[in-house]
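Just so you know, all these numbers are worked out from the coordinates, no wet-lab data involved. Predicted, not measured: the structure shown is a model, and the values here were computed from it.
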Amino acid sequence: MSALFSSIATIIGILVVLIVVFVILGRCLAIIHTGEVGIVERLGKYTQTLEPGLHLVPPFIYRITEIVNMKQIPLKVDEQEVITKDNVVVRIAETIKYHITDVHAYVYENKDSVLSMIQDTRANLRGIIGNMDLNDVLNGTETINSTLFAQISETTAGYGLNVDRVNIDSIQVDQTIQESMNKLLRASREKEANIMEAEGHKQAAIAKAEGEKQATILEAEANKQTQILEAQGRAESQRLVAESVKDQIESINAGLVNNGDLFLQYKNVEALSDLAKGNSNTVVMPSSAIDSLGQLPAVGKLLKQGGKNSN
């Protein structure tokens with residue numbers, strides 16, 4: 001019986017030893033994840049910084065006091081009220097993105113590096129906004145961001161931090177100021193709309209007048225061309241008539257050169273024919289006219305036949 005109790009006690013003792021060994025081993029082993037580092041102290045004094053991976057840290061004397069995140073960290077700064085140069089209170093909310101560059105300075109040289117960074121950011125923002133009018137503040141967020149970034153980057157270098165970016169999330173003003181600004185904005189927009197409408201009417205009137213002017217010019221030009229063409233047509237017609245008359249005269253003159261007497265005799269015959277158509281049966285003619293008629297072949301035959309008949 002005593003041997004049984006002795007065996008049980010031995011087994012329990014072995015189990016306790018194993019548990020203690022496992023506990024000690026568990027406290028000795030440390031895993032540091034990617035993007036993090038571990039701060040190791042020996043009896044309260046900094047000894048080393050552990051990089052990502054599996055590490056063996058002797059217990060009791062050495063201890064990992066803090067795991068520091070080396071990734072970029074976004075931080076939303078609480079909204080704060082700031083007075084502009086023209087004494088208007090604005091509420092500004094901002095966001096900071098930063099990462100730790102010097103672990104020793106971050107952990108040991110400042111009680112709270114992040115809080116120090118936030119306080120400096122708020123103080124610098126008050127100084128920047130205090131030198132700007134409200135209109136410049138509302139329309140100059142990029143300028144505020146760049147100026148604030150430059151100022152706090154120099155200040156936070158001693159905190160073991162590096163500020164990567166500063167963003168102004170929102171800028172709000174008092175309700176009464178906002179209403180006044182809205183009225184001014186509406187008035188400005190109405191003014192611009194009226195100016196644009198007036199300019200449109202002006203341009204339309206100018207375009208209409210220009211169109212009428214061009215139409216009048218084109219109509220006058222068309223009338224001018226029409227009159228020129230009509231005048232040219234009349235001149236050409238008159239020229240052709242004159243040419244025709246000239247040709248006729250020249251033809252008559254050419255014919256009269258050798259046959260002038262015959263033409264006169266022919267005209268005498270025509271005159272006698274007209275007289276014969278009248279009511280009088282007696283025609284008195286001078287002997288010279290009769291002699292000239294006798295020279296015509298047809299008339300000469302008639303005269304000869306009349307003479308024979310009388311004999």
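Set the bar at 31 Å for Cα to Cα. Now go through K76/K111; K97/K191; K202/K224; K191/K213 and name every pair that lies beyond it.
Those over the limit are K97/K191; K202/K224; K191/K213.
Per residue of region 111-120, in order, report the coupling 6.51 cos²θ - 1.76 cosθ + 1.60 (Karplus, θ = phi - 60°) as ³J(HN,Hα) in whole Hz, putting x for Gly and Pro.
Working through the residues one at a time gives 5, 8, 5, 5, 4, 4, 4, 5, 4, 5 Hz.
Return a whole-number percent for the relative contact order of region 53-183, with Cα pairs under 8 Å and 6 or more residues apart as the contact set.
It rounds to 31 percent for region 53-183.
When a/c is below 1.5 the answer is rounded, else prolate if a/b is larger than b/c, else oblate, so apply that to region 25-69 with a ≥ b ≥ c taken from the square roots of the Cα gyration tensor eigenvalues.
oblate
Gap in Å between the Cα centre of region 104-122 and the Cα centre of region 207-226?
Region 207-226 and region 104-122 have Cα centres separated by 82 Å.
Could you work out the equivalent-ellipsoid semi-axes for region 31-133, taking the square root of 5 times each eigenvalue of the Cα gyration tensor, largest first, in whole Å?
40, 13, 9
On average, how much area does the Cα convex hull of region 73-173 cover when viewed from any direction, in nm²?
5.7
With an 8 Å Cα cut-off and a minimum separation of 6 or more residues, compute the relative contact order for region 25-69 in percent.
Relative CO of region 25-69 lands at 47 percent.
Calculate one ³J(HN,Hα) per residue across region 222-233 by plugging θ = phi - 60° into the Karplus curve 6.51 cos²θ - 1.76 cosθ + 1.60, and present them in order as whole Hz with x for glycine and proline.
Each residue of region 222-233 in turn: 5, 4, 4, 5, 5, 4, 4, 5, 5, 4, 4, x Hz.
Alpha carbon centre of region 160-177 versus region 53-103: separation in Å?
Going from one Cα centre to the other spans 16 Å.
Starting from one equal scatterer on each C-alpha and no solvent at all, send me the Debye-based log10 I(q)/I(0) for region 73-112 at q = 0.23, 0.29 Å⁻¹, two decimals.
-0.80, -0.95
Could you work out the relative contact order of region 91-163, using alpha carbon pairs under 8 angstrom and six or more residues apart, expressed as a whole percent?
The normalised contact order for region 91-163 reaches 54 percent.
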